[in-house]
1. Say R0 is 35 Å: what FRET efficiency, to the nearest 0.05, do ASP16 and LEU38 get from their beta-carbon distance?
2. Tell me the label-point distance for the pair MET47, ASP62, using the 7 Å Cα-to-Cβ offset, in nm and rounded to one decimal.
3. Using a simple spin-label model with points 7 Å from Cα along the Cα→Cβ vector, what separation in nm is obtained for MET97 and THR26?
4. Compute the relative contact order of the chain as a whole-number percentage, counting only Cα pairs closer than 8 Å that sit 6 or more residues apart in sequence.
5. May I ask for the net charge around ASP16, where only other residues with Cβ less than 11 Å from the Cβ of ASP16 are counted and Lys, Arg are +1 while Asp, Glu are -1?
6. Once the dipole of the chain is set up with Lys and Arg at +1 and Asp and Glu at -1 on Cβ about the Cα centre, which of ALA23, GLY117, ALA104 lies farthest towards its positive end?
7. If you average 1/r across every pair of different Cα atoms in the chain and take the reciprocal, what Kirkwood value do you get, in Å?
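Computed from the coordinates by the stated procedures, all read-outs in this text should not be read as laboratory data. Predicted model, so just to flag it, every value in this text is computed and none were measured. Every residue, glycine as well, gets a Cβ built from its backbone with ideal geometry; the counts of neighbours run over all protein chains shown.
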Amino acid sequence: MTQPGTMTPMSKEMQDCVQACMACHTVCEEAMSGCMQLGGQAQMQIMRALMDCSEMTRMCADMMMRRSPMAAEMCAMCAKACDMCAEACMSMPDDKMMRRCAEACRRCAEMCRAMAGVRM
């Protein structure tokens, strides 16, 4: 229920997408911490993907929550960042944290792609 003059409630799909973005943001932050401990040049490329994905997912969730007119476009960009991050994380398939991160990224990318096609 909303007060007069307030925004309409978020759809279930948008709520789910916001939650997927925030979950992905959290796991990317955790994975970055793990990567920093490992060090090495190969990790730098993964770190960039994690940083981009972490920032994009947080911003995407924020834009959906405030009903930004650019939210759909942001969702499309976020899906791309999540896809790239999932691919980077899977370059370390034996690392449990990276596999978890890739899964969160794939889920978020799928939900963001669906939201990108919806008029917000």
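1. Efficiency, rounded to the nearest 0.05: 0.60.
2. Result: 2.3 nm between the two label points.
3. 1.6 nm
4. Across the chain, relative contact order equals 31 percent.
5. 0
6. Value computed over the given set: GLY117.
7. One over the average 1/r among Cα pairs gives 14.4 Å for the chain.
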